[in-house]
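Below is one structure; the comments refer to it alone.
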Amino acid sequence: MFEYTHQQVRAAELIRRADDERLAREAVRARRAARREAAERARAGDGAPRDGRPRRLRSTRTA
């Protein structure tokens, strides 16, 4: 009887561990997706030239 109980406890622990790892992977995927979306919005919304150079100021700087 002890072996059966031990096996049940072990199986439950493995299931909990697998759920924790799955949740961690999902969190990493969500963070990556959020970073990608933010980067896409930043690229699309700023109106900067495509070559990556900074835009020039429209007026000259004052001394």
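Bear in mind that the values in this text are calculations on the coordinates, not laboratory data. What you see is a predicted model; the values in this text were computed from it and never measured.
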- Message: Per residue of the range 15-31, what does 6.51 cos²θ - 1.76 cosθ + 1.60 with θ = phi - 60° give for ³J(HN,Hα)? Whole Hz please, x for Gly and Pro, Karplus curve as stated.
- Response: 5, 4, 5, 5, 5, 4, 5, 5, 4, 5, 5, 5, 5, 5, 4, 5, 5
- Message: Could you give the length gained by full extension between GLN7 and ASP19, i.e. 0.36 nm per residue of separation minus their alpha carbon distance, to one decimal place?
- Response: 2.5 nm
